[in-house]
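See below for the structure under consideration.
The values are calculated or read from the model by the stated rules, or taken from the named source; none is laboratory data. Given the structure is predicted, the values throughout are model-derived calculations rather than measurements. Note that each Cβ is placed from the backbone with ideal geometry, even for glycine, and that neighbours are counted across all protein chains shown.
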Amino acid sequence: MWLAAVAGAVAADPAYAVLEKAYAALRSHQFDQAASYFEQATKLAPERGAIRKDLAYTLLKIGETAAARDQFRQAMELDPADHHVALEYAFLAHETRQVIEARRVFDRVRKSGDPASRQTAEQAFQNIDQPLRDGIARWQKAVAALPENYSGHEELAKLAEQREELPLAATHFEKAWQLKPILRIFLLDLGRVWKALGRAEDSTSALLAASRGTEPRVAEAARELLPQRYPYVYEFRKALALDDANVELRRELAYLLLEMGNKPEAEDEFRRIVSAAPEDLLSVAQLGFLRLNRSDLAGAMPLLDQVLKNDDTELADRVRFALKLPRTLRKRPEAPQAERRIEAKVLAGKSLEKGYMKDALKYLAIAHETDPLDFDIMLKLGWAHNVTKQDAVAARWFDLARRSPDPKVAQEANKAYHNLHAATARLQTTFWLFPMYSSRWQDVFAYGQLKTVVKVKGPLRPYFSARFVGDARSGTMDRSQLAASSPLYLSESAVILGLGVATPVHRGIFAWAEAGTALSYLRRDDVPRAMSDYRAGLSLTRFYGPTILNTKPGWFTETANDAVYVSRFDHNTIFQTQNKFGRNFGGSEDENTLRAQLFWAMNLNADVKRQYWANTAETGPGVRFRWSAMPPSMVFTVQALRGAHLVNTGNPRRPNYFDIRAGFWYALTR
């Protein structure tokens, strides 16, 4: 009995086998291998803080201090009452220069921990806090004596931020920026502190200005703190109010206004750029084009002549093309701006190939800043943001790229834009159809639904639904034949119109409920043509391994589980689980390639009212296949199932049955 209980506990622990290997590696001092096993165990049992503690201590043995710190932090979050783990995290945070975080955790533990932890945390807190207090007092005297010394304001602001005196830090970072407006690192600092203070709009303006500066390290750090969307026009203007001399920032605003069709304001911004930086030939050319488009030859030609006389042959050729002049045959000398763009494009391409999306976005942003008219870069920015699940930003880049003069780039961007627009649009319409032949019933059944969902914020999304559930034979039967035909759940012989609400799908789970009317397409004396129809359900779907769309072979498992209440089934609730496991055979990308999966199916149906037709168990082999040239959502399936009724009270048929089912699935989303 005891052994059975232990065996059951071991079987219920998904991380047991991996942890055994980890502790064995620890005992033999193979710390790298032990760390690898512990990391696997954290994925198998992510809610267990003890595993993360063991991983953190192991990482410390191999010198991975920062990684150990992060594991202690996660263990602390899983068990906030474990003050020993909190202290370990705080000490490592201080060691790795995360002073604010260390001071904050020590402060919490010294107030809420056990006596021993409080004593340790109090001493550690004072060791951090006292030098900060003294330093703030010292620098306050220094800036009072020399108020024009920007470095004094900077030092005071840094100490105030570390001590979480954020209003004081913001005041002196702002003063340092006003005294030294060429150091945009102060804008980064100011944006970070304003963000912590909850001044979101002010923070965005400072970070936006810093992110469009010429200092790459500062620009990259600022981008990481900005909201995950493209800035609005008013945010550009607020940023320029902070950093009026930022040519890169103003140029991007000008191009944004141009894309929005606001040419007068865009021209005004380009005019300001040219006045402040006449050597910015890209802005000079763009201003010239804008004036040329509104037939202001007197204002346009001096600007375009300036570009033509410059050594930037590539830009000059664009002007010649616009003026319908022959292109120059001069050899283009090296230009730092062009070199920077080319280098950024090369690095971005390599990062995209290797899947380093953060680096790819950084280099693509640099390339776009150096040449905002490069539509290929816009397309790549769209794909990079799409991969990192920033779909709204990606859609904007695809929208810009589909205006490319290159037909190939424009076509690819247009297709991607429409696909993303369907996913991010306020209204999303889905249509699916599943016709199926059953040898047991000697009939063809058809199931389909047209559903339009209104995407709104919140836990529920309203939708309109039109379902069809019917079969080929019901329309040709009389009343007596209908009584002996397939059960209601296989063929309701109706179109069901309904309004409902549903939760968003989260990890394959969603719930829904709807109310509507079922309109029967058959004339029957015993059933009204129109009946009220109320439905609700809970669904869980999971898939592991390669799908039939995957070119790689491999084993797969899938499960689809539903609990559905239907008022028309005598207020019954039906439970259904359909499970498949098998082999995906993959295939090439050629249009005529056959993709196939062999699987074994196991299905179970049950209901609350114990009706014979709703309680069955089925199992048997099947094959699923499609050709590469078909739409991705079209799949054919053939199954040979052996089934048995689990409840036979009132069952007019045999308790066991054999059924061959063949059908196809097709779905479309817009």
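Checking the stated criteria, R507 turns out not to satisfy the condition of being in the same structural domain as N561 (by TED's automatic domain parsing), modelled with pLDDT under 90, more than 26 Å from R542 (Cβ to Cβ) and among the basic types (K, R). With respect to (1) crowded, with 21+ Cβ neighbours inside 10 Å; (2) not in a helix (DSSP H, G or I), the lone exception for P405 is condition (1).
Looking only at residues of the stretch 523-550 that are in a loop (DSSP other than H, G, I, E, B) and modelled with pLDDT of 75 or more, we find that the one that is surrounded by the fewest Cβ atoms within 10 Å (Cβ to Cβ) is R529. Of all residue pairs spaced 6 or more apart or on separate chains, those with beta-carbon atoms under 7 Å, a first member in the stretch 294-306 that is within 18 Å of R272 (Cα to Cα) and a second member that is at pLDDT 80 or above and of a type in the set (V, I, T) are L303/V284; Q306/V284. Looking at the stretch 64-80, can you tell me whether even one residue there is over 17 Å from F38 (Cα atoms), at pLDDT below 90 and in contact with a helix residue (DSSP H, G or I) (Cβ under 8 Å, 6 or more places away or on another chain)? Scanning the stretch 64-80 turns up at least one residue that is over 17 Å from F38 (Cα atoms), at pLDDT below 90 and in contact with a helix residue (DSSP H, G or I) (Cβ under 8 Å, 6 or more places away or on another chain). For P147, the conditions (1) in contact with a Ser or Thr (Cβ under 9 Å, 6 or more places away or on another chain); (2) part of a loop (DSSP other than H, G, I, E, B) are fulfilled apart from (1). One residue stands out in the stretch 329-385 among those that are among the β-branched types (V, I, T) and either modelled with pLDDT of 75 or more or in contact with a His (Cβ under 8 Å, 6 or more places away or on another chain) (or both): the one that is surrounded by the most Cβ atoms within 10 Å (Cβ to Cβ), namely I377. Name the residues in the stretch 171-192 that are under 18 Å from V218 (Cα atoms), of a type outside the set (K, R) and assigned to a helix (DSSP H, G or I), would you? F173, E174, A176, W177, Q178, I185, F186, L187, L188, D189, L190, G191 - these are the residues of the stretch 171-192 that are under 18 Å from V218 (Cα atoms), of a type outside the set (K, R) and assigned to a helix (DSSP H, G or I). Here S567 does not fit the description of being over 21 Å from R440 (Cα atoms) and modelled with pLDDT under 85. Pairs linking a residue in the stretch 631-651 that is over 20 Å from Q597 (Cβ atoms) to a residue that is assigned to a loop (DSSP other than H, G, I, E, B) and basic (K, R), with Cβ atoms under 6 Å and 6 or more positions apart or on different chains, are V647/R610. Here A410 meets the list (1) assigned to a helix (DSSP H, G or I); (2) within 16 Å of the chain's Cα centre (by Cα) almost entirely, failing just condition (2).
Table: residues versus (1) crowded, with 17+ Cβ neighbours inside 10 Å; (2) free of Cβ contacts under 8 Å to residues at least 60 places away in the same chain; (3) closer than 30 Å to L187 by Cβ.
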| residue | (1), (2), (3) |
| --- | --- |
| Y89 | yes, yes, no |
| T96 | no, yes, yes |
| R110 | yes, yes, no |
| Q119 | no, yes, no |
| Q140 | no, yes, yes |
| L146 | no, yes, yes |
| G152 | yes, yes, yes |
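Whenever a residue of the stretch 451-474 is free of Cβ contacts under 8 Å to residues at least 40 places away in the same chain and among the basic types (K, R), its partners that are surrounded by 19 or more Cβ atoms within 10 Å (Cβ to Cβ) and part of a strand (DSSP E or B), lying with C-beta atoms within less than 6 angstrom and at least six residues away or across chains, give the pairs K451/Y463; K451/S465; R467/I496.
Matching residues to (1) modelled with pLDDT of 85 or more; (2) under 30 Å from F636 (Cβ atoms):
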site: P405; (1), (2): no, no
site: S438; (1), (2): yes, yes
site: D443; (1), (2): yes, yes
site: L460; (1), (2): yes, no
site: R467; (1), (2): yes, yes
site: D471; (1), (2): no, yes
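Selection of first residues in the stretch 591-617 that are assigned by TED's automatic domain parsing to the domain that holds V566 and of second residues that are assigned to a helix (DSSP H, G or I), restricted to Cβ pairs under 8 Å at least 6 apart or on distinct chains, gives the following pairs, ordered by first then second residue: N605/A614; A606/A614; D607/A614. Restricting attention to the stretch 121-135 and to residues that are among the small types (G, A, S) and farther than 14 Å from L156 by Cα, the residue that is surrounded by the most Cβ atoms within 10 Å (Cβ to Cβ) turns out to be A121.
Inside the stretch 552-581, residues that are free of Cβ contacts under 8 Å to residues at least 40 places away in the same chain and more than 28 Å from D607 (Cα to Cα) make up a count of 4.
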